[in-house]
Amino acid sequence: MKTKWLGKIWPALLWSILIFILLIIPGKEMPAGPEIPSFDKIIHMFLFGIQVWLWCIYFKHGEKFSNRLGIFFLIFLLSCLYGIGMEYVQKYFVANRAFELGDIMADIAGSAIGLLLALKFK
């Protein structure tokens, strides 16, 4: 049952929208996180890893494409670009948020982990 639900577009689409919403919250409205070193980087890795995994699951369940490896890699690249783009959105359009190269690296690492998980578990 879970697999059938995950094979739909809605989980992936809603997760991508959730990432957007979380990343445009003004800095002053962000709750204080736990005192864990690099906690925000862990959150970025989690968000983008789940995003890639969900999109790969969606395309894995459909008979839309014969070259799934190529599609998975494209999903990975688009997720990385999404993370980079969101850092620029934070820099120029969101109050009290800043551009952080570390966040971009965490987004890319999370996207890579999501890709590897999608490839490993068929």
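The values are calculated or read from the model by the stated rules, or taken from the named source; none is laboratory data. Only a predicted model underlies this, so the values are computations on that prediction, with no experimental measurement involved. Cβ: placed from backbone, ideal geometry, glycine included. Neighbour counts: every protein chain shown.
Residue-by-condition table, conditions (1) closer than 21 Å to I108 by Cβ; (2) within 10 Å of the chain's Cα centre (by Cα); (3) at pLDDT below 95; (4) surrounded by 14 or more Cβ atoms within 10 Å (Cβ to Cβ):
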{"site": "S38", "(1), (2), (3), (4)": "yes, no, yes, no"}
{"site": "M45", "(1), (2), (3), (4)": "yes, yes, no, yes"}
{"site": "W53", "(1), (2), (3), (4)": "yes, yes, no, yes"}
{"site": "N67", "(1), (2), (3), (4)": "no, no, yes, no"}
{"site": "G70", "(1), (2), (3), (4)": "yes, no, yes, no"}
{"site": "L74", "(1), (2), (3), (4)": "yes, no, no, yes"}
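Just to be sure before I move on: is G70 free of Cβ contacts under 8 Å to residues at least 24 places away in the same chain and either part of a helix (DSSP H, G or I) or within 19 Å of A12 (Cβ to Cβ) (or both) in the structure I sent?
Judged against the criteria, G70 is a match.
Does A95 meet the test of being surrounded by fewer than 20 Cβ atoms within 10 Å (Cβ to Cβ) and either in contact with a helix residue (DSSP H, G or I) (Cβ under 9 Å, 6 or more places away or on another chain) or hydroxyl-bearing (S, T, Y) (or both)?
So A95 fits the description; yes.
For the range 79-100, name all the residues that are assigned to a helix (DSSP H, G or I) and touching a residue at least 12 places away in the same chain (Cβ under 8 Å).
Across the range 79-100, the qualifying residues are S79, C80, Y82, G83, I84, M86, E87, V89, Q90, F93.
Can you tell me how many residues in the range 3-45 are of a type in the set (F, W, Y) and farther than 20 Å from Y82 by Cα?
Adding up the residues that qualify gives 2.
Only residues in the range 1-19 that are modelled with pLDDT under 80 count as the first member; pair them with residues that are β-branched (V, I, T), Cβ under 6 angstrom, at least 6 apart or cross-chain, and list the lot.
L6/I57
Among the numbered criteria (1) exposed (fewer than 14 other Cβ atoms within 10 Å of the Cβ); (2) outside any helix (DSSP H, G or I); (3) of a type in the set (A, V, I, L, M, F, W, C), which one does L18 miss?
Exception for L18: condition (2).
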